[in-house]
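*Asks:* Attaching a single structure in C-alpha cells format; questions to follow.
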Amino acid sequence: MPSSFLMSGVEGGTRLVGSRSPLLRGRVVARRSRGDALCKCVSGSDAPGPARCPPLRAQGLRVPPTLPLPTSNDEHEGDDDEGSSTQEALFNAVNILMGVGLLSIPYSLNEGGWASLGVLGVIWGCTNYTGKILIKCQEVNSYRAKRKQLEETSNAASMDVPVTVEAVVVSEKLESDSPAVASTSEPSTSVVSDSPKESFVGKVLKSYEDIGEAAFGPEGRKFITTILYAELIGTCALFFILEGDHLRMLLEQLMPHRSLPSREELMAMSAGIFLPTTWLTDLSSLSYVGAFGVLSALGLTGVVTYEFFHGGMQIADTVAVHGDTLPSAFGLIAFVFAGHAVFPSIYASMKDKQEYGPMLDKTYMIVGATCITMGIAGYCMYGSGTMEEVTLNLPPGLLSLVSTSLILVSPFTKFALTLEPVARGVEQHLGISIKGPTGNLARLNRTGLGLGALFLATQVPYFAQVMSIVGSFLTITVSVMFPALCHLKLFDEDLETNEKYLNYLVLALGGFCAVSGTWTAVQELLKQLS
C-alpha cells in the first residue's frame, strides 16, 4: 500500500524514506553529504561533484496542492493476475460495436445521402477520442498518486540541503504505466486537479457510474446511471426485436406452408437462449462467444459486398445530401459506436492495461472499415429504396438465407456484454456478486433484467425510428458528451489550452447532433404512428 514520506533524523542528517508504491516503482532518498554528492536528476544524467537537485518547478514540472493518496491499489494489481488478454479484449470491443447498428448504415446513407459518410467520420473520430479520455478519467487516482509523489519530491528538493538522489522515478514512467495517458498523448507532467469529489479520494474507479460521481458527485452518478441504463436496456430490447423478425423470416423460407409461432413467441424463445449467457462470471469467457459475433458481422458485410459485385456493380439513384432527413442519420450512425458503457468493464478485465489504447485504435479501424464497406455497397445497390435493415433488400435465395442466419447469431453474442454494466450496477447496490455465495441471487437479478428488456421489446413499434432516438439522445450523451465533460471537470486547469478547445468542440458537435437528431427522429416516429 502506498504511504506518505516520513521525516526522521539520522546521524545528524535528514533522510526521506518512501515505501514502494504500486503506482511509482521506486523511492527517493535524500541524504546530507559533507563531501562530494552525486545528483541524478530527472533527465537521468550523472553530474559529479557538489550538486543540488533543482526544485521541480525549475525542472519544468508543476507541483499542485496536496491531495490524499489512494488508500489501496490492490484491486488494480489483482486485475493483472486474472482477466482478459489483449486479444480477448479486442474481440469483446469489436463485438460490442459491430452490432445491430451495422445493418442500418446503408439506410443512414439513404436518409442523409453521401454526406452521411462525413457524419460517420466525425462520429468515428469523436467516439474514439472519448473512449480514451473516459479511461483516463477512470485512472484519475493514478494522477492523484503522482501529484502526491511530485509534491513530496518538490518539498525535499527545495530544502536548503545538499542532497543525493539515489533513485528517482521520472514522470514518464508513470505516464507509460497509464494506458489512458499514452493513448491520448498527454504531456508527461499532466496531473489531476482538485476537482474530483472527496468521497472518491483513494478509490479505484471500476465503472462509468463511478467516473460520473467522481466528477460531479452523487448527482453525476444518478444522471449517467439513468442515461446509461436506459440506453443499454433499450439496446437489449432491440436485440429481441431483431431476433424475432429474422427468426420468423428464416422460418418462412424454410417452412413456407406451415403455421409459425408469433413474433412475441419467437422473442420469448430467443430469451431462453440469451439469458444463460448473462450468468458467465468473467468477461474473458464472453470473448469466446464474442468471436462468433465478430465473424457474423464480417460475414454479413461479405454477403452484401458480394451481392454488389455479383450484380455488376450497378449504381442506383443516389443523392449527395438529404438536408431534411440528414439529422436522423446522426443517431443511426452513433448507435454503432455505443460501446462506452462497456469500455470501463473491458478495461478493468484486461491483464495488460497499457494495451488499452492500441487495442481501441485497432477496434475502431476494424469497425470503421466494416461500416464504410457495408454503407457504400448497400446504398449503391438500392439507393432510395434502401430499407431499415439492408438484409431485407436481399432477394430470396441462398444469400438471404445465409444473411438471416448470421443475423440470428449476432444478438446472441452481444446480449450478455450489453447487459453487464446494468447488472453489475444493480448487484453493487444490492450487495451481491456473480462470484461467491450470492452468485445465484446475481443470476436471478440478471434474468429479471433480461425479461424486462423482453417486455419492452413487445412495446417498440418501429425499429429504425427507435434506434435513431436511442442513438441521437442516449448514445451521443453517453459516448460523446459526458466523457468530455468528465475530462474537463476532473483535470480542469491541468489540460493544455488546445485540448480544452478540443473537448469544447466535441461537446458542441455532440449537442448539435443530439438535439437535431432526436427532434428529427421523434417527428418521423410520430408520422409513422399517425
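The values are calculated or read from the model by the stated rules, or taken from the named source; none is laboratory data. Every value quoted in this text rests on a predicted model; they were computed, and no experiment measured them. Note: ideal-geometry Cβ built from the backbone for every residue, glycine included; neighbour counts use all protein chains shown. Only protein heavy atoms, including side chains, enter the accessible area calculation; ligands, DNA and RNA are left aside. Shrake-Rupley method; radii C 1.70, N 1.55, O 1.52, S 1.80 Å.
*Asks:* Applying a 10 Å radius around every beta-carbon, put 482-490, 383-391, 317-325 in order of their mean neighbour count, most first.
*Replies:* Details: 482-490: 23.9, 383-391: 19.0, 317-325: 12.7.
Descending packing order for the listed peptides: 482-490, 383-391, 317-325.
*Asks:* Can you give me the C-alpha center-to-center distance between the range 99-155 and the range 300-317, rounded to a whole angstrom?
*Replies:* Cα centroid to Cα centroid, the span is 32 Å.
*Asks:* Give me a comma-separated list of calculated 3J(HN,Hα) values for the range 239-246, in order, Karplus coefficients 6.51, -1.76, 1.60 applied at θ = phi - 60°, integers in Hz, x for any Gly or Pro.
*Replies:* Ordered by residue, 3J(HN,Hα) equals 4, 5, 4, 4, 5, x, 5, 7 Hz.
*Asks:* I would also like to ask the following. Using a 10 Å cut-off on Cβ atoms, rank the peptides 422-433, 236-247 from the highest mean neighbour count down.
*Replies:* Numbers: 422-433: 16.2, 236-247: 23.6.
Result, highest mean first: 236-247, 422-433.
*Asks:* Next up: Over all Cα pairs of the range 386-478, how is the pair count split among 5 Å bins, expressed in % and running from 0 up to the last occupied bin?
*Replies:* Result returned by the calculation: 2, 11, 13, 17, 18, 14, 11, 7, 4, 2, 0.
*Asks:* With every protein chain in place, what's the accessible area of Glu264 (1.4 Å probe, Å², nearest 10)?
*Replies:* 90
*Asks:* Determine one quarter of the surface area of the Cα convex hull of the range 351-506, which equals its mean projected area, and express it in nm² to one decimal. Don't skip to the answer; put the middle values down first.
*Replies:* Numbers: hull surface 57.3 nm².
The orientation-averaged projected area of the Cα hull of the range 351-506 comes to 14.3 nm².
*Asks:* Using only Cα atoms, what Kirkwood radius does the range 295-386 have, in angstroms? Could you put the intermediate results ahead of the total?
*Replies:* On the way: mean 1/r = 0.0640 Å⁻¹.
Mean inverse Cα-Cα distance, inverted, gives 15.6 Å.
*Asks:* Here's another thing I want to ask about it. I'd like the distance separating the alpha-carbon centroids of the range 342-372 and the range 386-424, in whole Å.
*Replies:* Cα centres, the range 342-372 to the range 386-424: 22 Å.
*Asks:* For Met350, what residues show an amide H to amide H distance below 5 Å, using hydrogens built from the backbone and excluding near sequence neighbours?
*Replies:* Under 5 Å from the amide H of Met350: Ser84.
*Asks:* I would also like to ask the following. Shape of the range 229-353 from its Cα gyration tensor (a ≥ b ≥ c, root eigenvalues): rounded if a/c is under 1.5, otherwise prolate when a/b > b/c, or oblate? Each step should come with its number before you reach the end.
*Replies:* Details: a/c = 1.66, a/b = 1.16, b/c = 1.43.
Oblate.
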